[in-house]
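All remarks here apply to the structure that follows.
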Amino acid sequence: MGGTIFPTAQDAQNAFYEALERADLDAMMAVWAEDEEIVCVHPAGPRLCGQDQVRESWAQIFSGGARARVHITQQVAMSAMMIEVHSVQENFAIEGEQPGRQGRDSRPAPIVATNVYLRTSAGWRMIVHHASPAPGQAEPPPREASPKILH
């Protein structure tokens, strides 16, 4: 790992979702803190702690072969000097999936995620990713030009 320095938490988050879209395990793990005190919860999955469990979970996800595009909406960011928390909605589109016959399209349900970043000597790194299925929504939320920032 090492080598990559993320000057802001947003840079780390952008790299996280780029690695997810590319199914690039090394790029994914470069975003995470080089620490055993990291936690990852995938939708409906168990809590995974430490480098080995987190790496193995992403390796399994990426080995599935499906490539996804992720569009982030409804970001709210809370920041302090050494830590930043991003609450986001992850909207996935799976490459190669066709719209369903009965419905408007077959996109997976949105995911709500909390991403926590720590400022380290190697720049900002992810220490927590917790994702859960979003509750159903009657209509899509309004599109936001920029994330909300809470201080």
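Table for the structure above
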quantity	calculated
Taking the C-alpha atoms of segment 2-93, convex hull volume expressed per residue in Å³	109
Those GluC sites (Glu not before Pro) in segment 1-50 that DSSP places in a loop and that have at most 14 other beta carbons within 10 Å	Glu34, Glu36, Glu37
Relative intensity, log₁₀ I(q)/I(0), of segment 56-95 from a Debye sum that treats every alpha carbon as a point, q = 0.19, 0.25, 0.26 Å⁻¹	-0.74, -0.85, -0.86
Phi to ³J(HN,Hα) by Karplus 6.51 cos²θ - 1.76 cosθ + 1.60 over segment 31-45, Hz, x for Gly, Pro	7, 6, 4, 7, 8, 7, 8, 10, 9, 9, 10, 7, x, 6, x
Virtual spin-label span in nm between Thr114 and Gln60, 7 Å along Cα→Cβ	2.3
Zone of His130's modelled label, taken as backbone nitrogen in segment 10-50 under 16 Å from a point 7 Å along Cα→Cβ	37-50
Top positive-direction residue, dipole computed over segment 1-72 with Cβ charges, set Ala19, Gly64, Leu48	Gly64
Label-to-label distance, nm, for residues given as Asn14 and Ile94 (7 Å Cα→Cβ offset)	2.9
Filtered trypsin sites (Lys or Arg not before Pro), segment 1-97: DSSP coil and at most 14 other beta carbons within 10 Å	Arg67
Ranked by how many other beta carbons lie within 10 Å on average, peptides 25-32, 73-80, 9-16 from highest	9-16, 25-32, 73-80
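Read the figures in this text as sums done on the coordinates, not as results from a lab. Note that the structure is predicted; figures quoted are calculated from it, not measured. So basically every Cβ, Gly included, is an ideal-geometry build from the backbone, and we count neighbours across all protein chains shown.
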